[in-house]
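Asker: Below you'll find the structure I mean.
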Amino acid sequence: MIKKFWKESWGELKKIRTLTACGLFAALALILNSFTIRIGSYLKISIAGITNEIVATLFGPVLGSIFAGMMDIIKLFLYPDGAWIPGLTFNRLLAGLIYGCFMYHKPIKYWRILLANLTVGLFVNTLMGTLWLSQVYNQGFIVMLPIRMIKNIIEAPIDSLILYMIMQIFRSAGILRMMNVFLTDKRNGEISIK
């Protein structure tokens, strides 16, 4: 079962339609990134990461992590606001992997999304992110940790509710069904990259 999960997730990379959908989500992420609010040099609030979560939910941990890492680098080129920190790009890859593992091929439930957001928020963003930022900004890890932890604890239920509502809107509007038809055309077979 686990092997099938990873094989299906890896298989998403070969589907042209999946890659096309990812391109659309990438464009949406770049638009949403312009609404980022910076608070100081090491704290920012943004809804642009929601596209990473949607891609990981729809296409799995493999494509979710690759998409999140690529978007981190693309945003750096288009919206430069400091030096590239490889550790933070690694965090984005890890976050995409975690979101995909929690939500790919699973029922969309608020508690599942909240658990994924808390895992990413507390372990990836708070612990690992603070470690990378403390090294770059030459500030103490313990000094930066409380404010980043508070931000992630407050942000997790809000982000979870936003993603849950978006996925419910997608479901009730038939967008998930249309995407399923779009991504797997039964008449012509799946178009894949060989």
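The values are calculated or read from the model by the stated rules, or taken from the named source; none is laboratory data. Computed from a predicted structure; not experimentally measured. Reconstructed Cβ throughout: ideal geometry from the backbone, glycine too, with neighbour counts over all protein chains shown. Keep in mind that these areas ignore ligands, DNA and RNA; they rest on the heavy atoms of the full protein, side chains included. Shrake-Rupley method; radii C 1.70, N 1.55, O 1.52, S 1.80 Å.
Asker: For the stretch 76-152, treating each Cα as an identical point scatterer without solvent, what Debye log10 I(q)/I(0) comes out at q = 0.13, 0.15, 0.21 1/Å?
Answerer: Values returned for q = 0.13, 0.15, 0.21 Å⁻¹ are -0.46, -0.59, -0.96.
Asker: Which pairs break 31 Å Cα to Cα here: K3/K44; K14/K75; K7/K75; K3/K109; K4/K151? Mind dumping the intermediate values first?
Answerer: Details: K3/K44 37 Å; K14/K75 24 Å; K7/K75 29 Å; K3/K109 24 Å; K4/K151 36 Å.
From the list (K3/K44; K14/K75; K7/K75; K3/K109; K4/K151), the Cα-Cα distance tops 31 Å for K3/K44; K4/K151.
Asker: On a 0 to 90° scale, report how tilted helix 141-172 is relative to the longest principal axis of the chain, with both axes built from alpha carbons and the result rounded to the nearest 10.
Answerer: Roughly 20 degrees, rounded to the nearest 10.
Asker: So, for the chain, what is the accessible surface per residue at a probe of 1.4 Å, expressed in square angstrom? Working shown, then result.
Answerer: Numbers: 10850 Å² over 194 residues.
Accessible surface, normalised per residue, equals 56 Å².
Asker: Still on this structure, I have one more. Ignoring the sites themselves, what is the longest stretch of the chain with no chymotrypsin sites (Phe, Trp or Tyr not before Pro) in a DSSP loop and at most 15 other beta-carbon atoms within 10 Å? Numbers along the way, then the final one.
Answerer: On the way: sites that count: F35, W84.
Answer - 85-194.
Asker: Still on this structure: Helix 50-78 sits at what angle to the longest principal axis of the chain, using alpha carbons and giving 0 to 90 degrees rounded to 10?
Answerer: Tilt relative to the chain: about 50 degrees.
Asker: Which translational diffusion coefficient, to the nearest whole µm²/s, is obtained for the stretch 1-76 from the Stokes-Einstein equation, given a Kirkwood hydrodynamic radius over C-alpha pairs, 4 °C and 1.567 mPa s? Write down the numbers at each step before the final one.
Answerer: On the way: Rh = 13.2 Å.
Estimated via Stokes-Einstein, D reaches 98 µm²/s.
Asker: Can I ask one more? Using label points projected 7 Å from each Cα along Cα→Cβ, tell me how many nm separate I74 and T20, to one decimal.
Answerer: In this crude spin-label approximation the distance works out to 1.7 nm.
Asker: Give me the percent of the accessible area of the stretch 64-140 that comes from carbon and sulfur atoms, probe 1.4 Å, all protein chains in place.
Answerer: Numbers: 2840 of 3860 Å².
The value for the stretch 64-140 is 74 percent carbon and sulfur by accessible area.
Asker: May I ask for the Rg/Rh ratio of the chain, computed from Cα atoms with Rh as the Kirkwood radius, given to two decimals?
Answerer: Details: Rg = 17.1 Å, Rh = 17.4 Å.
My calculation of the ratio gives 0.98.
Asker: In addition: Where in the stretch 74-149 are there trypsin sites (Lys or Arg not before Pro) that are in a DSSP coil and have at most 13 other Cβ atoms within 10 angstrom of their Cβ? Display every interim value, and only then the final one.
Answerer: On the way: sites: K75, R92, K109, R112, R148; in loops: K109.
Of the trypsin sites (Lys or Arg not before Pro), the ones in loops of the stretch 74-149 whose Cβ has at most 13 other Cβ atoms within 10 Å are K109.
Asker: Quickly estimate the mean residue ellipticity at 222 nm for the chain, helices only: each DSSP H run with n ≥ 4 gives -39500 (n - 2.57), and the total goes over all residues, rounded to 500.
Answerer: Helix contribution divided over all residues of the chain: -23000 deg cm²/dmol.
Asker: Let me ask you something else. Treat every Asp and Glu Cβ in the chain as -1 and every Lys and Arg Cβ as +1, leave all other atoms uncharged, and give the resulting dipole magnitude about the Cα centre to the nearest 20 debye.
Answerer: Working: 20 positive and 9 negative charges, 125 e Å.
So the magnitude is around 600 debye.
Asker: In degrees from 0 to 90, rounded to the nearest 10, what is the angle of the helix 110-119 Cα long axis to the longest principal axis of the chain?
Answerer: 40
Asker: Taking the Cα centre of the stretch 46-149 as origin, work out the dipole magnitude from +1 charges on Lys and Arg Cβ and -1 charges on Asp and Glu Cβ, in debye rounded to 20.
Answerer: Working: 6 positive and 3 negative charges, 55 e Å.
Roughly 260 debye, rounded to the nearest 20.
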